[in-house]
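Asks: After the structure tokens below, expect a handful of questions from me.
Rule-based calculations on the coordinates, nothing more; no lab input. Fair warning: this is a prediction, and the values are worked out from it, not measured in the lab. All Cβ positions, even for glycine, are placed from backbone atoms using ideal geometry, and neighbour counts span all protein chains on display.
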Amino acid sequence: MTRTTVRRSAIAAVVALSSIGARASLAAGPTVETNVVFATYSGLALLMDVHKPEAPNGFGIIVVNGSGWYRDLGYDATLLKQSAEFRPATQKLVAAGYTVFVVTHRASPRFHIPDAVQDVQRATRFVRANASRYGIRADRIGALGGSSGGHLVSMLGTRDAGGDSSSPDPVERESAKVQCVVAFYPATDLARIQTPEGLTAISLGMAIRPPGPNATGVSLAARQFRDASPVTHVTPDDPPFLLVHGDADKTVPFEQSEIMEAALKNAGVPVNLVRVAGGGHGTGSAGWDKIDWASLAFDWFESRLRQPPSSAAAR
């Protein structure tokens with residue numbers, strides 16, 4: 001072998017090692033698996049993005065962004081999972097080892113509640129059925145959402161949604177109940193929201209007008225609104241709740257979180273309500289720059305999801 005050949009071989013080896021190192025470098029750190037299909041409703045794909053940490057800690061968080069249960073119609077409509085609403089919290093969670101699932105659900109004006117509720121339940125069942133694939137524990141799943149998303153994650157925490165053991169679909173055999181909830185400015189008692197913006201969103205989301213706070217419960221509308229309200233489904237076996245709400249919210253009144261807090265306390269469920277003084281609707285609105293809301297969510301999951309699950313909360 002000539003000196004030139006040896007030199008060329010050495011150079012090739014260095015290049016090969018550099019290439020391997022570059023690939024390893026690219027593979028290191030958090031990654032995102034986009035457009036994961038968690039259901040196909042009548043041929044319509046329901047998608048989520050899976051944010052994967054470099055070193056999974058075994059806990060999963062389902063994120064539902066706010067939208068007023070509404071999405072624009074059209075082939076180029078922005079997907080709900082693309083919202084930046086909870087990006088700071090997602091980044092903080094992923095950096096700490098949490099696997100985060102950001103969900104898109106069916107929305108008005110084409111679809112209506114309870115479609116969105118059923119979709120986030122399906123997403124939870126999908127995550128639980130694929131827990132080993134994503135490196136998480138099936139009994140340690142939390143949920144984070146705001147506004148309409150806060151309503152939906154609250155439903156994941158309160159509504160009994162055990163799996164159907166007789167279903168031919170293995171995903172549907174799983175429970176849709178989560179073990180920890182963080183809800184920002186959530187709609188919890190839909191019939192009691194009387195703000196103009198809130199009424200518009202609810203009317204579109206339900207396709208009917210709210211029956212009003214003094215409804216007797218005899219009308220179809222009253223029954224539908226009760227069934228779609230998280231506060232209706234509160235029971236002692238519900239998971240811990242963190243509620244964060246601005247007291248100047250003109251879309252979903254602060255009272256909505258107070259109502260939910262009272263119901264959870266009465267049932268003996270651990271709950272903490274954080275009042276954001278002067279806070280409007282949304283983390284980007286007035287007043288929210290006074291608090292580190294992403295750390296509030298992170299700390300709640302850290303303190304609650306790491307606790308051993310009770311037999312009830314692990315359903």
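Asks: Over the chain, what is the mean sequence separation of C-alpha contacts under 8 Å (at least six apart), divided by residue count, expressed as relative contact order in percent?
Replies: Reported relative contact order: 16 percent.
Asks: Among SER147, SER166, SER295, whose mean-square fluctuation peaks in a Gaussian network model of the chain (Cα, cutoff 10 Å)?
Replies: Of SER147, SER166, SER295, the Gaussian network model singles out SER166 as fluctuating most.
Asks: Which of THR104, THR78, THR158 ends up with the largest GNM mean-square fluctuation for the chain, with Cα atoms connected below 10 Å?
Replies: Highest fluctuation of the listed residues: THR78.
Asks: Right, something else. Tell me whether region 164-255 comes out rounded, prolate or oblate; compute the Cα gyration tensor, take square roots of the eigenvalues as a ≥ b ≥ c, and use a/c under 1.5 as the rounded threshold.
Replies: Details: a/c = 2.14, a/b = 1.40, b/c = 1.53.
Judged from the Cα gyration tensor, region 164-255 comes out oblate (a/c at least 1.5, b/c at or above a/b).
Asks: Which stretch or stretches of region 150-174 have amide N atoms under 11 Å from the point lying 7 Å from ARG133's Cα along the Cα→Cβ direction?
Replies: So the set is 171.
Asks: If you don't mind, there's one more thing I want to ask. Which of rounded, prolate or oblate describes region 80-171 when judged by the alpha-carbon gyration tensor and an a/c cut-off of 1.5?
Replies: Oblate, since a/c reaches 1.5 and b/c is not below a/b.
Asks: List the equivalent ellipsoid semi-axes of the chain in whole Å, largest first, each obtained as the square root of 5λ for an eigenvalue λ of the Cα gyration tensor.
Replies: Equivalent-ellipsoid dimensions as semi-axes: 40, 21, 20 Å.
Asks: Here's something else I'd like to know. Using a 10 Å cut-off around each Cβ, can you sort THR99, THR195 from fewest to most neighbouring Cβ atoms?
Replies: Listed from fewest to most nearby Cβ atoms, that is THR195, THR99.
Asks: Which translational diffusion coefficient, to the nearest whole µm²/s, is obtained for region 34-124 from the Stokes-Einstein equation, given a Kirkwood hydrodynamic radius over C-alpha pairs, 10 °C and 1.306 mPa s?
Replies: For these conditions, the coefficient is 116 µm²/s.
Asks: Neighbouring Cβ atoms within 10 Å as the yardstick, rank ASP139, ASP249, ASP189, ASP76 fewest first.
Replies: Going from sparsest to densest Cβ surroundings: ASP76, ASP139, ASP189, ASP249.
Asks: Mind ranking 131-137, 301-307, 28-34 by how tightly packed they are, going by the mean number of other C-beta atoms within 10 angstrom, highest first?
Replies: Top of the packing list down: 301-307, 131-137, 28-34.
Asks: From the Cα gyration tensor of region 225-314, with a ≥ b ≥ c the square roots of its eigenvalues, which class applies: rounded if a/c is under 1.5, or else prolate if a/b is larger than b/c, or else oblate? Kindly include the intermediate steps, with their values, before the conclusion.
Replies: Working: a/c = 2.66, a/b = 1.34, b/c = 1.98.
The shape class here is oblate.
Asks: Can you check what the net charge comes to around SER108, using other residues whose Cβ is under 11 Å from the Cβ of SER108 (Lys, Arg +1; Asp, Glu -1)?
Replies: So the surrounding residues net to +1.
Asks: Can you tell which of ALA183, ALA207, ALA138 shows the greatest fluctuation in a Gaussian network model of the chain with Cα springs below 10 Å?
Replies: ALA207
Asks: Report the net charge of residues surrounding HIS281, where surrounding means a beta-carbon distance below 12 angstrom and charges are Lys +1, Arg +1, Asp -1, Glu -1.
Replies: That sum, taken over residues with Cβ under 12 Å, equals -3.
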